Structures are given as C-alpha cells and as structure tokens.
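Peer 1: Before I ask anything, here is the structure I am working with.
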Amino acid sequence: MSENTDRYESAAARYFEAWNATEPEALRKAVAAAWTPDGGYTDPLADVRGHEGIAAVITAAHEQFPGFVFRPLGAVDGHHDTARFGWELVNEADGSAPVAGFDVVTLDAEGRIRQVLGFLDRVPAGA
C-alpha cells in the first residue's frame, strides 16, 4: 500500500468517524480532526463551510435517519490530493441500506479535508 493510499484511507476513516458521531462533543472533535477549519461540504441537499456548518449537516442527517450509521462501500481511490469513496447509510436494526452515494474529497498537506463533493446514488422516495 502506498503512502498516498494510506493518506486517503485515513482521511476517509476520519470522515466516517465524524458522520457516525452522535454526541455533540464527539461530533465537534471528529469534525475538527477530519476537516480544515474552513473546510466545506457540498451535496444535493447542503452547501456549507466551516466546522459548525458541517456538524449541523451531520446532526440533521442523524435526526432524519435515527438508528442509522454511515459505512464505506468499496475501496478508497485517489490521486493528487483528491480521493473518492462510496458509502451507504445502514439501518442498525435490520441491515437495510436505503441511501447510498459517493463522495469526492480534496485534502490539505496534512490529510485533512478541504472540500467534499457528495453525490447521492440511492435515496428513498420522500426523503
């Protein structure tokens, strides 16, 4: 495994840690570990910058889908400070995954996320 592959996988792991943090203090710390202070998150439903905005988007997702966790789907791939990876939102009670997508992230020199561009591949009707 190359140094860059490790870097991309570490960034993705921190990203999922943030998305799965449910306690406010744990979420704050996880977002700060994963993103740069001016980092951004953009998907079809949100376009925010900064740790507070990112934490608010994550909190809203947990409120909309209580009892669900974000899990990686497939391998992390990357080059030139940019990585991509798939994910799914899994119901912990029954294992169903009604939401799935992939994200493209741009990293800084330390491996923290500067920007996320998220894409939704599977979304339940009415969500």
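The values are calculated or read from the model by the stated rules, or taken from the named source; none is laboratory data. Predicted, not measured: the structure shown is a model, and the values here were computed from it. Heads up, the Cβs are rebuilt from the backbone with ideal geometry, glycines too, and the neighbour counts pull from every protein chain shown.
Peer 1: Only residues that are of a type in the set (A, V, I, L, M, F, W, C) and under 12 Å from E52 (Cα atoms): list them for the stretch 11-29, please. Give the derivation first.
Peer 2: Taking the stretch 11-29 as the starting set, the residues that turn out to be of a type in the set (A, V, I, L, M, F, W, C) are 11-13, 16, 18-19, 21, 26-27.
L27 - this is the single residue of the stretch 11-29 that is of a type in the set (A, V, I, L, M, F, W, C) and under 12 Å from E52 (Cα atoms).
Peer 1: Okay, next question. Considering only the stretch 59-70, I want to know if a residue exists there that is surrounded by fewer than 15 Cβ atoms within 10 Å (Cβ to Cβ), in contact with a helix residue (DSSP H, G or I) (Cβ under 9 Å, 6 or more places away or on another chain) and of a type in the set (S, T, N, Q). Full working, then the answer.
Peer 2: Quick first cut of the stretch 59-70, residues surrounded by fewer than 15 Cβ atoms within 10 Å (Cβ to Cβ) only: 59-60, 63-64, 66-67.
With in contact with a helix residue (DSSP H, G or I) (Cβ under 9 Å, 6 or more places away or on another chain) added as a condition, the list becomes 59.
In the following step, the residues that additionally are of a type in the set (S, T, N, Q) were identified as 59.
Among the residues of the stretch 59-70, at least one is surrounded by fewer than 15 Cβ atoms within 10 Å (Cβ to Cβ), in contact with a helix residue (DSSP H, G or I) (Cβ under 9 Å, 6 or more places away or on another chain) and of a type in the set (S, T, N, Q), which makes the answer yes.
Peer 1: If you don't mind, another one. Can you report the number of residues in the stretch 79-95 which are part of a loop (DSSP other than H, G, I, E, B) and either basic (K, R) or within 18 Å of F68 (Cβ to Cβ) (or both)?
Peer 2: The first filter runs over the stretch 79-95 and keeps only residues part of a loop (DSSP other than H, G, I, E, B), leaving 80-81, 92-95.
If we keep only those that are either basic (K, R) or within 18 Å of F68 (Cβ to Cβ) (or both) too, we end up with 92-95.
Residues in the stretch 79-95 being part of a loop (DSSP other than H, G, I, E, B) and either basic (K, R) or within 18 Å of F68 (Cβ to Cβ) (or both): 4 in total.
Peer 1: With the structure loaded, tell me whether E17 is touching a Lys or Arg at 6+ places or on another chain (Cβ under 7 Å), crowded, with 17+ Cβ neighbours inside 10 Å and not hydroxyl-bearing (S, T, Y) or whether it fails that test. Even if it seems obvious, please write down each step before you answer.
Peer 2: Numbers: touching a Lys or Arg at 6+ places or on another chain (Cβ under 7 Å): no; crowded, with 17+ Cβ neighbours inside 10 Å: yes; not hydroxyl-bearing (S, T, Y): yes.
Criteria not met by E17.
So that you can scan it fast, the table gives a plain yes or no per residue for (1) at pLDDT below 95; (2) surrounded by 15 or more Cβ atoms within 10 Å (Cβ to Cβ); (3) in contact with a strand residue (DSSP E or B) (Cβ under 8 Å, 6 or more places away or on another chain); (4) not β-branched (V, I, T):
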position	(1), (2), (3), (4)
M1	yes, no, no, yes
E9	no, yes, yes, yes
A26	no, no, no, yes
E52	no, no, no, yes
H79	no, no, no, yes
A93	no, no, no, yes
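Peer 1: Can I ask one more? Out of curiosity, is A75 surrounded by fewer than 17 Cβ atoms within 10 Å (Cβ to Cβ), in a strand (DSSP E or B) and of a type in the set (G, A, S)?
Peer 2: Numbers: surrounded by fewer than 17 Cβ atoms within 10 Å (Cβ to Cβ): yes; in a strand (DSSP E or B): yes; of a type in the set (G, A, S): yes.
Yes: the conditions hold for A75.
Peer 1: Taking into account only those residues within the stretch 29-49 that are touching a strand residue (DSSP E or B) at 6+ places or on another chain (Cβ under 6 Å) and small (G, A, S), which is surrounded by the most Cβ atoms within 10 Å (Cβ to Cβ)?
Peer 2: Step by step, filter the stretch 29-49, then rank; the result is A34.
Peer 1: Ok, one more. Restrict the check to the stretch 86-106 and report whether at least one residue is more than 11 Å from the chain's Cα centre (by Cα) and touching a residue at least 40 places away in the same chain (Cβ under 8 Å).
Peer 2: no
Peer 1: Residues of the stretch 25-70 being in contact (Cβ under 8 Å) with a residue 24 or more places away in the chain and assigned to a helix (DSSP H, G or I), which ones?
Peer 2: Those that are in contact (Cβ under 8 Å) with a residue 24 or more places away in the chain and assigned to a helix (DSSP H, G or I): L27, R28, V31, A33, A34, I54, A55, I58, T59, A61, H62, Q64.
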